[in-house]
Amino acid sequence: MTASADIGAEIIVHLARLAQSGGDHRLTTAQWSALRFFARANRLSRTPSAFSAFHATTRGTASQTVKSLVELGLLERHRSESDGRSVRYDLTEAGREALADDPLRALSERLEQLPENERGQLLGALQTIAGDLAVIRESNAFGTCADCAHCDSGADRSSFCRCAAETLRVCDMEALCVEFRPRNAQGDPQEHAH
Ligand code: SF4
């Protein structure tokens with residue numbers, strides 16, 4: 001292991017703590033993380049179990065965090081339109097307003113100031129590392145449709161998800177997905193489709 005790799009790992013952890021430390025203290029770090037997640041995740045992923053995988057925590061802890069946000073009026077529970085049994089959680093209007101004070105915005109603004117190519121390279125490298133670590137930890141990688149091995153793009157520019165077996169809506173294409181599978185992952189994604 002080179003010294004620069006160790007320093008890079010320390011900087012990433014330090015940056016994550018620093019970015020979450022300032023700003024609005026009405027919510028805990030876990031509650032902010034959940035609020036952000038449910039704002040950015042697609043329909044397949046707006047569940048406590050997907051949030052537990054994203055936040056690298058237990059399902060029980062994730063459920064408690066989600067419950068606390070429901071009690072605060074920032075999240076609301078809905079039955080799935082497709083099967084009526086599963087539930088998903090969506091932000092309320094108050095939840096969307098609360099995100100305006102997200103402490104992570106300071107970090108987003110610094111990233112926005114980077115030249116576009118530098119920002120793209122940095123995001124690409126971080127996504128690759130996150131995907132590799134997810135494999136090592138046997139966790140979900142999380143990502144969006146454009147980089148997903150389950151995504152088929154047609155000549156008419158429509159896209160189809162082989163995992164969910166449905167045509168993708170434009171609004172879902174940039175949302176975080178618990179079923180995301182990196183294109184360079186080992187094996188045939190169709191073997192894992194469900
Ligand atoms: S294509 Fe991939 S990222 Fe998009 S909805 Fe399907 S599984 Fe999720």
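Read-outs: derived from the displayed coordinates by stated rules, not from any lab. Note that the structure is a prediction, hence the values are computed from the model and not measured. Note: ideal-geometry Cβ built from the backbone for every residue, glycine included; neighbour counts use all protein chains shown.
Odds and ends about this structure:
- Amide hydrogen neighbours beyond the local backbone of His150, cut-off 5 Å, H modeled: Arg181
- Between Gln121, Gln31, Gln64, the Gaussian network model of the chain with springs among Cα atoms under 10 angstrom shows the greatest mean-square fluctuation at Gln121.
- Simple spin-label estimate for Glu166 and Ser108 in nanometres, 7 Å along Cα-Cβ: 2.6 nm
- The sum of -39500 (n - 2.57) across all DSSP H runs of n ≥ 4, divided by the residue count of the chain, sets its helix-only mean residue ellipticity at 222 nm to -14500 deg cm²/dmol.
- Dividing the alpha-carbon radius of gyration of the stretch 63-170 by the rule-of-thumb value 2.2 N^0.38 Å gives 1.37.
- Spin-label model, Ser63/Arg40: points 7 Å from Cα along the beta carbon direction are separated by 2.6 nm.
- The chain - charge dipole about Cα centre, Lys and Arg +1 at Cβ, Asp and Glu -1, debye rounded to 20: 480 debye
- Backbone amide hydrogens, once placed in the peptide plane, bring Leu168 within less than 5 Å of Ser159, Phe160, Cys161, excluding anything fewer than 5 places away on its chain.
- Across q = 0.23 Å⁻¹, the stretch 3-105 modelled as identical point scatterers on its alpha-carbon atoms has Debye log10 I(q)/I(0) values of -1.24, in the order of the q list.
- Tail fraction, Cα-Cα pairs, the chain, threshold 26 Å, whole percent: 38 percent
- Peptides 104-112, 55-63, 36-44 ranked from most to least packed give 36-44, 55-63, 104-112, packing being the mean of other C-beta atoms within 10 angstrom over each peptide's residues.
- Each label was represented as a point 7 Å from its Cα along the Cα-to-Cβ direction; for Asp147 and Val70 these points are 3.2 nm apart.
- Each Lys or Arg adds one and each Asp or Glu subtracts one; over the other residues with Cβ under 9 Å from the Cβ of Phe160, this totals -1.
- Computed over the chain with a Gaussian network model linking Cα atoms closer than 10 Å, the most mobile of Thr29, Thr47, Thr65 is Thr29.
- Within a Gaussian network of the chain (alpha carbon springs, distance under 10 Å), most fluctuating of Val66, Val178, Val135: Val135
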